[in-house]
1. For the stretch A:348-428, state which trypsin sites (Lys or Arg not before Pro) are in a DSSP loop and have at most 13 other beta carbons lying within 10 Å of their beta carbon.
2. How much FRET efficiency would the formula 1/(1 + (r/R0)^6) give for A:ASN534 and A:THR703, where r is the Cβ-Cβ distance and R0 is 56 Å, rounded to 0.05?
3. Just subtract the alpha-carbon distance of B:ASP71 and B:ARG108 from 0.36 nm times their residue separation and send over the number in nm, one decimal.
4. Would you mind working out the magnitude of the charge dipole of the stretch A:688-817 relative to its Cα centre, with +1 at each Lys and Arg C-beta and -1 at each Asp and Glu C-beta, to the nearest 20 Debye?
5. How far apart, in nm, are the 7 Å Cα→Cβ label points at A:HIS361 and A:ASN394?
6. Please compute the average number of Cβ atoms from other chains found within 10 Å of each residue's Cβ in peptide A:706-714.
7. DSSP loop trypsin sites (Lys or Arg not before Pro) in the stretch B:7-50 with at most 16 other Cβ atoms within 10 Å of their Cβ, which ones?
8. Accessible area per residue, 1.4 Å probe, Å², for chain B: what's the number?
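The values are calculated or read from the model by the stated rules, or taken from the named source; none is laboratory data. Owing to the predicted nature of the structure, the values given are computational and were not obtained by experimental measurement. In this analysis, Cβ positions are derived from the backbone assuming ideal geometry, glycine residues included, and neighbour counts consider all displayed protein chains. Ligands, DNA and RNA are stripped out before the accessible areas are found, and what is left, the full protein with its side chains, is counted by its heavy atoms. Shrake-Rupley method; radii C 1.70, N 1.55, O 1.52, S 1.80 Å.
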Amino acid sequence: MTAPHPETVDDLVLSHLDATTDLPEAAVDLIVAALLGEEEFAAALGGTPPRRPATPAAGTGEPGEPIGTYLRSIEVTGFRGIGPTAALHLAPRPGLTIVTGRNGSGKSSFAEAAEFALTGDNRRWSGRSPIWREGWRNLHAGDNPSIRVHIGVEGHRDGATVEWNWKPDDELADGTSWLQLAGRPRQSVADLGWKVPLELYRPFLSYAELGGLLSGRPSEMHDSLYRILGLDRLVEIETMLKAARRELDGLRRRPGETLPALRAALAEHPDERARHAEAALSGRVADLDRLAGLATVDEPEDDRDVVPLRQLDLLELPAPDDVADLAERLRTALDRIEALADTPAAHSRSLAGLLRDALAHQRTHPDQPCPVCGGRTLDAAWAERTRQELDRLNRLAADLDEAHRTVRESQRALRSLVPAPPPALAADLTADGVDTADARRAWQRWADLLATDDPATTAGTAPAAYRELRAALEPVQAAAHQALQRRQQAWQPVADQLRAWVEAERAARRATATLTALKKAIDWLRKVSDSIRNEKLAPVAAEATEIWNMLRQESNVELGSIRLAGTGTSRRVDLNVSVDGVPGAALGVMSQGELHSLALALFLPRATMPESPFRFLVIDDPVQSMDPVKVYGLAEVLARVARHRQVIVFTHDDRLPAAVRRLDIDARILTVSRMAHSRVKVSEGGNPALRYLADAKTIACDTNLDPTVRGTVVCNLVRDALEYACHERVRARDFRAGRPVAETEAALDAARGLRPTLALALLGDAQRANELRDSLRRLHPAAPQVVSDANNGAHGAAGVDLVRLVNDAESVVERLVRP
Amino acid sequence: MTPQQLLDAARDLMTNPRPSMRRCWQRGCACLTRLALETGLRRYWQRHPRTASVARSPMWHQLIVLPRFLDPETARIARAAWFGLSRAAHHHTYELPPTLAELGGWHRDVTYLLSRLDPAPTSP
């Protein structure tokens, strides 16, 4: 009775995507990214295509069934109707157990205790006034109430235990709880990891809850079905896409919203850049690159005023010492020239020429009188003296040349050391608070000074003039610097605003592109959502319909399709119900009992989903307000569920047990009775083996019957009883040993016939049927005879004392099922 | 009366109850339907000499024996129908008579059962 559940919502979406051809690639990317999670989705919105899972169906397909858990026992002390410790022992495996007991016998206390221990709450009291919660302590028990639930875990040798303890003055919520897996330290109950499954596949259902399932708001039922089917994932994805759409829409709109403010700011800003920005904005599509440039460049190059200001700001003049040094050099050279002025040096050059010629003449005409004065003879001695004189004269001349050169060089150096007055000084910068007049005049004086031909004046006044120039320029430069900074400060906020707007506009353009894809993705998802949710619902709906058809018995209400319909606040579950073949308005026409049955039909598939870790199902009093005939239907439904689940039904009257007995349904019946002082006792009220034997006894005593028929029927029934007892023994043993339930059932199935089954039960191997004798004798002295009679008697049983056979069989069965 | 005649009479009560029966037509109908089942079962047993003795045993015993001769599912339907009809045919304080739909259901079940009970029983 399990719904096939092959694909997760993600897989379904992906396979729908594969089948779609008219969706743009960008939209497909967005949906895939959304499936992969927030991070991938954010990246995809930014334009990075997601890494698509290679083979989606194979990768994430079969979710795998969780390890199944069963209830092994519920031990309760001092809780609600139960005083001294009472235990409800259950068979931790698939099968139907019916716990009966009169009102107030304490049977519901077991159900509530189990629910409370595992969930920490109870639907019957939650949401009620405190008065309901205060009466939880039993008055007849000691001060330390406790609940202990043993859980059988499929495939594990020993299960787990969940225990709650309360101290004398504790409130219900103050109890301490722990979980213990066999052989491991105690841990928190939360470690079971049942929080989500408990919400989804809640294995506890009470009468009140059944009523609430359908009488609640339509959206609640819708939501609970939605969650069970895992469809909230679909909502999650859609929400993600929609959130992104909202965000992108906001991004797209933001530049438009901030544009007027920006325009206003630009309009009233005097800066030249504001004009450029306005121009860049004026086109149909704003020139973003240009705007970005305006926002980042410090100052505009073509601003009339900024250039001279920056020139002034950057102007660098040499140190005064440099000027002084040059002036000093100039003066020294001038002094030297002065000093040589009255010496032969001045004429030395012409004199040297004359002497050089005379020497040359003397070399060609030695020892002759001077041709100039005709005086003395120009002999070698003369020549020697004259050569020396010539050297002296040459040195003097070189000295003087050197001094002149120094003068020229110093003058040139002075001129090049300080540049010509910059044009900036000529500009009118008074608007920026820069007065250049003094500096201009000082610089002019300096220029004039250098332009004079009188190096002596230059040398004398240059240092002073230069100091004046610097003194005059200094405030000008400072003022220019300040003016520039003022301008920068005034532009900065606008530049920031501009930059922000450019970024917003860029984001908006990207968003517009993505938004188109996103809208297509959302439209597509909404379209496939309908088919996905009904695909997911189909198996559950089919099962619910089937269960309803069994439950309704002779009700004239027919349940057709079940559909999840509507969105938002109008979401609901559409139950296609027809009354006497006429399609009707669903729930309104159904009786309370029918509504309960319907709720049960919807609940059972939910609690038996393969994804649920709970292999047990606790139903408290489903029979109330059911017509007697429906109880038969219920018994059959429960038997069907019990094939794969441990179903524990608590009921206050005998209708369900009676139906089980009459329909010959494989079920254990436990009776809870309450004695004085809240002492609660659980006794075995019947199981199929006992019922087979009771039937056998009835027939055995019917002497009116043909002996062959009587023998055949009695032996058959005894055999059925023995086989049932064997099955129970094998199931209990295998589960304790941690063997998977499916394996056990397969082994039981394979053991055909009484002897192989007994061999499996007693020797653990169906093949060893011929070794049975000893173990049968050990089991019970009468056992070999009972088995042999049961086997042979099926073909006549002549000479067998049938009444004695049944009595012996009872003892053997009792031994077989005893753990 | 043959089982079929009994069933027809029950059907008649269901669809067209006479005024004199207006308070008890449901029980009458249940009674006739049950009688049809019982008669059919008895005839079934009598068709084979080996099972003829079963026909003289109480109904409950016959129902226990039935699954040994017929398939268990059909035997189960017979059990459910017989116990349901028995309950409906008797007066139970605090319990209301069966509904038309319930009676119709049993009637259908018994009609089906009679068709299954037509051939003679085969030994188990």
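1. Working: sites: A:ARG349, A:ARG356, A:ARG363, A:ARG376, A:ARG385, A:ARG387, A:ARG392, A:ARG395, A:ARG405, A:ARG408, A:ARG412, A:ARG415; in loops: A:ARG376.
Sparse-neighbourhood loop trypsin sites (Lys or Arg not before Pro): A:ARG376.
2. 0.35
3. Values: separation 37, 0.36 × 37 = 13.32 nm, distance 1.85 nm.
11.5 nm is the gain from fully extending B:ASP71 to B:ARG108.
4. Working: 17 positive and 18 negative charges, 69 e Å.
That gives the stretch A:688-817 a dipole magnitude of about 340 debye.
5. 2.0
6. Taking the mean over all residues of the peptide, I get 6.
7. On the way: sites: B:ARG11, B:ARG22, B:ARG23, B:ARG27, B:ARG34, B:ARG42, B:ARG43, B:ARG47, B:ARG50; in loops: B:ARG22, B:ARG23, B:ARG47, B:ARG50.
Hits after loop and neighbour filter: B:ARG22, B:ARG23, B:ARG47, B:ARG50.
8. 50
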